[in-house]
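This report refers to the structure that appears directly beneath it.
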């Protein structure tokens, strides 16, 4: 079994039965970390500072070159307001209910798009949410 030495010592790369050395799994994990970080408008240096790690290490996680050890996965999940399960699998937390299964499937499909396409879609969604919130405020003032 491959092990990786980190700031926290040697840690097995095998987590929950997943062989995290698999390139596709490492890249998917890295993409989720990067997306969540960008959603918070944080630089790698900002997130690394919160984790007590070097930004170069975070860059290796995001690019799928290195797998974070279990301790770092917990810190990442806490900092990014998600679960370790989501970071590893992409499955939302069970207590996070999305009323529309159709909408949830669309969001899952978005993960496979290029980053610039995902960003464009996020901007459209943000604009729609702002439009809805603005309409609610205006309706509240008029009533």
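The values are calculated or read from the model by the stated rules, or taken from the named source; none is laboratory data. These numbers were taken from a predicted model, which means no experiment stands behind them. All Cβ positions, glycine included, derive from the backbone under ideal geometry; neighbour counts span all protein chains shown.
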- Sort through 57, 88 and tell me the only one that's within 24 Å of residue 26 (Cβ to Cβ), surrounded by 10 or more Cβ atoms within 10 Å (Cβ to Cβ) and at pLDDT 95 or above. 57
- Residues in region 16-38: is at least one at pLDDT 90 or above and not in a helix (DSSP H, G or I)? no
- Which of the residues spanning region 33-49 are surrounded by 15 or more Cβ atoms within 10 Å (Cβ to Cβ) and closer than 21 Å to residue 85 by Cα? 33, 34, 35, 36, 37, 38, 47, 48
- Item | region 121-143 residues that are free of Cβ contacts under 8 Å to residues at least 60 places away in the same chain, paired with ones that are assigned to a helix (DSSP H, G or I) and exposed (fewer than 10 other Cβ atoms within 10 Å of the Cβ) (beta carbon under 8 Å, 6 or more apart) | none
- Task: State which residue pairs qualify: first residue at positive phi and inside region 66-81, second residue surrounded by fewer than 19 Cβ atoms within 10 Å (Cβ to Cβ) in any location, beta carbons under 9 Å apart, and separation of 6 or more residues or different chains.
- Result: 81/40
